[in-house]
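Just below is one structure, and these are the notes that go with it.
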Amino acid sequence: MSLRIMFNHTGNKRIGAQQLILLCCVLLSNSPFAASKTNNDDKVYPITVSADQLISQSKAGQSEYRGNVQLNRNKLELQGAQLKLIHPSDKLRTATIIGNPAVFKDFLPKKQQWVTGEAKQILFDQEKGTITLIDNASMIMDNGSRIRADKIVIHNKDETFEANGSKQNGRVKMTIQPEN
């Protein structure tokens, strides 16, 4: 039902509660936010990057940002000293951020919680749907559970994690908080 038809049906009368709810549903169902919320696809959201310096190679499909870099896309946040984007045909393929440490924050809709982490290098792979923390990696969930390892891979689609042993002792360290 289009908005024009809905307003023609109401004429000059005031909009009732049911009509107002229907109007909100129509507006939300046609918005890009609603489509992405149901598809859980961040590809529909723009990427915003701020930095002290940009070196862009548009034809090669690469951009490099340096100094106080921040990348935001929907609920994903990356921060670090350097960022390299691979974006052939202006479509994001990967984002690699380096820092001492580089940090990230993301929301896991299925688990309904935030996850934050840090490492010397963080790789966001759009095609694989992964965030990989490399070298002195750590991750903390909202509930206080933690993982510390040399490499942590977060699979966004099914919200699972993989971790590989740390350099110090070759082991993964995880702390799981009890449920309330």
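The values are calculated or read from the model by the stated rules, or taken from the named source; none is laboratory data. A quick note: this is a predicted structure, and the numbers were derived from the prediction, not measured. Please note: Cβ atoms are built from the backbone with ideal geometry, for glycine as well, and neighbour counts cover all protein chains shown.
If I ask for residues that are crowded, with 18+ Cβ neighbours inside 10 Å and within 16 Å of Asp106 (Cβ to Cβ), which ones from segment 145-160 would you list? Listed by number, the residues that qualify are Ile147, Ile152, Val153, Ile154, Asn156.
Can you list the helices (runs of 4 or more DSSP H) lying wholly within segment 1-113 that have 1 or more residues being surrounded by 15 or more Cβ atoms within 10 Å (Cβ to Cβ) and at pLDDT below 95?
Numbers: elements: 3-10, 17-29, 32-39.
Where helices (runs of 4 or more DSSP H) fall fully within segment 1-113 and carry at least 1 residues being surrounded by 15 or more Cβ atoms within 10 Å (Cβ to Cβ) and at pLDDT below 95, they are 17-29, 32-39.
I'd like to check something: does segment 117-131 contain any residue that is in contact with an Asp or Glu (Cβ under 7 Å, 6 or more places away or on another chain) and in a loop (DSSP other than H, G, I, E, B)? Looking for residues that are in contact with an Asp or Glu (Cβ under 7 Å, 6 or more places away or on another chain) and in a loop (DSSP other than H, G, I, E, B), one finds none in segment 117-131, hence no. Taking the conditions (1) β-branched (Val, Ile, Thr); (2) surrounded by fewer than 16 Cβ atoms within 10 Å (Cβ to Cβ); (3) within 25 Å of Glu159 (Cα to Cα) in turn, Ile122 satisfies each one other than (2).
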